[in-house]
Every structure is written in C-alpha cells, then in structure tokens.
Amino acid sequence: MKQNVFDILDGRGFIKQTVFKDDLYKLLGSQSVTFYCGFDPTADSLHIGHFIPLMAASIMQKAGHKPILLVGGGTAMIGDPSNRNDMRQMMTRETIDGFVEKIKPQLARFLSFEGENAAVIVNNADWLCKLNYIEFLRDYGAYLSVNKMLTADCFKTRLEKGLSFLEFNYMPMQAYDFLRLFEDYGCMLEIGGNDQWSNILAGADFIRRVARKDAYALTCTLLETKDGKKMGKTQKGALWLDCNKTTPYEMYQYFRNVDDEEVENCLKLLTYVELDEIKELCAHRDERINNAKKRLAYEVVKLIHGKEHADTAAAQAQAAFEGGASEMPAVEIAGSGETPVIDVMVACKVCASKSEARRLIEGGGVKIDDKKVENVYGKVADYSDGREFVLYKGKKIRLKVTLK
C-alpha cells in the first residue's frame, strides 16, 4: 500500500502546523491534490531559507500530488510585514519582473514540469496588478475580519512601531491568491514556512468563507540552529541558490561544518537520503559524524547545482583539508610580494573589509602557508617567497592564491 505523503513529511520533520489535520490526511491519502507554495521575488535569487518548502513540494510531487509555484510579482510590490521591524524597501515593477525571471530557473531544479502532475509556475502580478480595488472590496471585503487580522503573529511586531495601510493589505492579497488558484486550478492546499502561518491560514479561511468549500493550510519547520536562530547566514550574508552569489564550494563548506546536533535534522529536511541511512550515519557523536556532514554537504550541493558541481566541491574540500593543493579552491589576484596581507584577504573575498581582516589577524586566525600572520601591517613577502601560496582563514577556509 502506498504511503501517505503526510506521514512521509511528518516522519522527516517537515510539518510544523496545519488545520483540519484528519481531513487533510484523508485527502492526501485518497487522491492527487493540487497545492501551491509562494515565493516573493525580493532579490535576484532564492536563498537556503526557501529550500525546505521546495523540498516539501518535491516530496509531495513524487507522491503524486500537483505543485503550483507562485512567484509573487504582485505581492512583492506591497511587501510582507511578517517578522519585520520596519517596512520593506519599495521596488519598481521592472526590478521585480527582473527578479522573477532569475528565480524561475531555480524553482525548476526541484520539480518536474512533465507528466500528469507536472508543476506549474504562475505569477500573481497577472491578476493582482489588474485588480479593481472597489470591486475587490465589494466582492470580498465582508469576508475579511479586521479584528482577526490584527491578532495575527505577522502583524504583532509591526503594530508596536506602526503598521502602514500598504502592508496591512498584504494578507488579503495573499488570501486572494489562494482563491484564484482554487478557482483556476482546483488548488486545495497552501504550504510554506512556519513564519507564514498567519498568511497561509488566512487564505484557507478565505476560501471556506467565500466559496464554502474545503481548503487547507500546512507550514514547514524553519531551518534553525540548536539555539533557535535561522540557519543559512554567513559573514557574507545569506546562502544564495545562485552560484554567482554563493559558490558551490561555499555552500558545501557551510553544511560540511554545521554543528553535530544539526546534521541529522538537515539530512532529513534538505536531502532525499532514506531515514534508515540517516539514522546509521548519525548514530555516533565522535569523529564518525564527519561522514554524515560530508554526505549532507554533497547532497545539498548536488540538489542545488548538480552532480558535477557537487563532485568538484567535494574534491576541493578533500584537497584543502585532507591532502595536497591540486584540487584546492584557487584564485588569481593582482599583486606582488609587497601587497599587504589585508589587501589580499579582501581581494580574495575571504573578508568583506579591511577592518574585518585586521580583526582576524589580531585574533590569530590567519596563516600564509605554515606561518601565522601576526602583524596587521604585514606584507605577503614577510610570509612567502613566491607568488603562489595557501591562505588560511581560521580552520574552515583554505585558498590557493596566485599573484599576477
């Protein structure tokens, strides 16, 4: 008997909140369900925080359900107030449209656009930007409770400092998205990150009020560290799915170095590795856990960038930390023996600024070849005789540098 996808998602730790759980469980076990997941194009790339809803959507499609990927070209013009202390920066329609086009290929890596339950990508700008405001208020305003909206978690922080009427319209717009997809595609379920719970729940409730039909909401666990902070932040910022913003090697190294306590959860949420194998990989909390970390890093990069990039990143990491420099990540920069080490660090992008480079040197975290850099004003020639050397930043970054 085919396993219910709800059990698969629950067993891997995806499911955080839902409503009408028993009814949704029966529905997912009895028929192919059309569902959607939304992504606002607030940047020219998705980041690792979008990974979990995409993985949930992928698992659901593999189980026979039909995904709709909604790119929020319309809602991005308003800005989601969820978990914000201030209002989002307004973007032009042209900027948003450009972001949409760059995000679409990233979405396509996770899902199939062929077959009976082929994925569909839609843009809510197609209907929101044509919406007549008076007609919307007359047709749907009576179904939206202001009192209920004001109790939503997504508004709490903003209410303390001032919630604009612009932002207040975000929830009704997202609810209307769900209604349109329900009417046009027969979509019955919205999934997303748990930080979107209020918005997703509002959409399901909106359909039940307007259409008097069943609709469901399901949120996924957020990717967090053991102390409750969001994972995926580095010194350079977010871990982006665009390889030009976060290289496959940087992505590999991030997950190769996650805390021991986080490896099992990441393997369940970010890979297709079977649960029995994950249990075996994570059975020990000694040096053997490194095999689990390597597997995690490899699978994540393979999913995002493909097997070739994953093989290369794994080989580079092995060369950098377990053996010779032939496969080590390499960079060529302009310079000579007289170039200050801090300038080299910035040029190689291991540091965002000279002040950060100075702090690392003062903390004893920088080496050139086997020599620790102890002088913040030191030059390359103080530590290396040649134009090629290995730059070490802490224990996690080793880079082969060639001066030209």
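The values are calculated or read from the model by the stated rules, or taken from the named source; none is laboratory data. Quick caveat, the model's predicted, so the values are computed rather than measured. Neighbour counts run over all protein chains shown; Cβ positions are idealised from the backbone, glycine included.
Taking the numbered list (1) modelled with pLDDT of 90 or more; (2) under 23 Å from Leu54 (Cβ atoms) in turn, Ile134 passes all entries but (2). Segment 321-404 holds strands (runs of 3 or more DSSP E) entirely within its bounds, and those carrying 3 or more residues that are not aliphatic (A, V, I, L, M) map to 388-393, 397-403. Across segment 264-303, what is the number of residues that are β-branched (Val, Ile, Thr) and closer than 19 Å to Gln318 by Cα? Result for segment 264-303: 3. Set side by side, the residues Leu131, Leu144, Leu181 differ, and just one is closer than 20 Å to Arg209 by Cβ and touching a Phe, Trp or Tyr at 6+ places or on another chain (Cβ under 6 Å), which is Leu181. Residues of segment 378-404 being in contact (Cβ under 8 Å) with a residue 60 or more places away in the chain and either under 18 Å from Met328 (Cα atoms) or surrounded by 14 or more Cβ atoms within 10 Å (Cβ to Cβ) (or both), which ones? Within segment 378-404, Val390, Lys396, Ile397, Arg398, Leu399, Lys400, Val401, Thr402, Leu403 meet the criteria.
When you scan segment 4-22, do you find a residue that is modelled with pLDDT of 85 or more, in contact with a Lys or Arg (Cβ under 7 Å, 6 or more places away or on another chain) and either outside any helix (DSSP H, G or I) or not acidic (Asp, Glu) (or both), even just one? Scanning segment 4-22 turns up at least one residue that is modelled with pLDDT of 85 or more, in contact with a Lys or Arg (Cβ under 7 Å, 6 or more places away or on another chain) and either outside any helix (DSSP H, G or I) or not acidic (Asp, Glu) (or both). Taken together, Glu374, Glu388, Glu356, Glu338 contain a single residue that is in contact with a Ser or Thr (Cβ under 9 Å, 6 or more places away or on another chain) and not polar (S, T, N, Q), which is Glu388. How many residues, within segment 33-55, are of a type in the set (A, V, I, L, M, F, W, C), more than 23 Å from Pro248 (Cβ to Cβ) and not in a loop (DSSP other than H, G, I, E, B)? Result for segment 33-55: 2. For segment 224-253, a residue qualifies if it is touching a residue at least 24 places away in the same chain (Cβ under 8 Å) and closer than 15 Å to Leu296 by Cα, and the qualifying residues are Met231, Gly232, Pro248, Tyr249, Met251, Tyr252, Gln253.
Per-residue answers, yes or no, for (1) in contact (Cβ under 8 Å) with a residue 60 or more places away in the chain; (2) surrounded by fewer than 21 Cβ atoms within 10 Å (Cβ to Cβ):
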| site | (1), (2) |
| --- | --- |
| Asn291 | no, yes |
| Leu296 | no, no |
| Asp311 | no, yes |
| Ala319 | no, yes |
| Val331 | yes, yes |
| Glu362 | no, yes |
| Gly365 | no, yes |
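Of all the listed residues (Asp139, Asp126, Asp184), the sole one being closer than 15 Å to Gly72 by Cβ, modelled with pLDDT of 90 or more, of a type outside the set (Gly, Ala, Ser) and exposed (fewer than 13 other Cβ atoms within 10 Å of the Cβ) is Asp126. For residues in segment 201-237 being at pLDDT below 80 and small (Gly, Ala, Ser), which is nearest to Val33 (Cα to Cα)? So the residue we want is Gly232. Among the residues of segment 102-116, those identified as surrounded by 13 or more Cβ atoms within 10 Å (Cβ to Cβ) and either in contact with a helix residue (DSSP H, G or I) (Cβ under 6 Å, 6 or more places away or on another chain) or not polar (S, T, N, Q) (or both) are Lys102, Ile103, Lys104, Leu107, Ala108, Arg109, Phe110, Leu111.
When segment 344-360 is filtered for residues that are touching a strand residue (DSSP E or B) at 6+ places or on another chain (Cβ under 9 Å), buried (at least 16 other Cβ atoms within 10 Å of the Cβ) and free of Cβ contacts under 8 Å to residues at least 24 places away in the same chain, the ones remaining, listed by number, are Ala347, Ala357.
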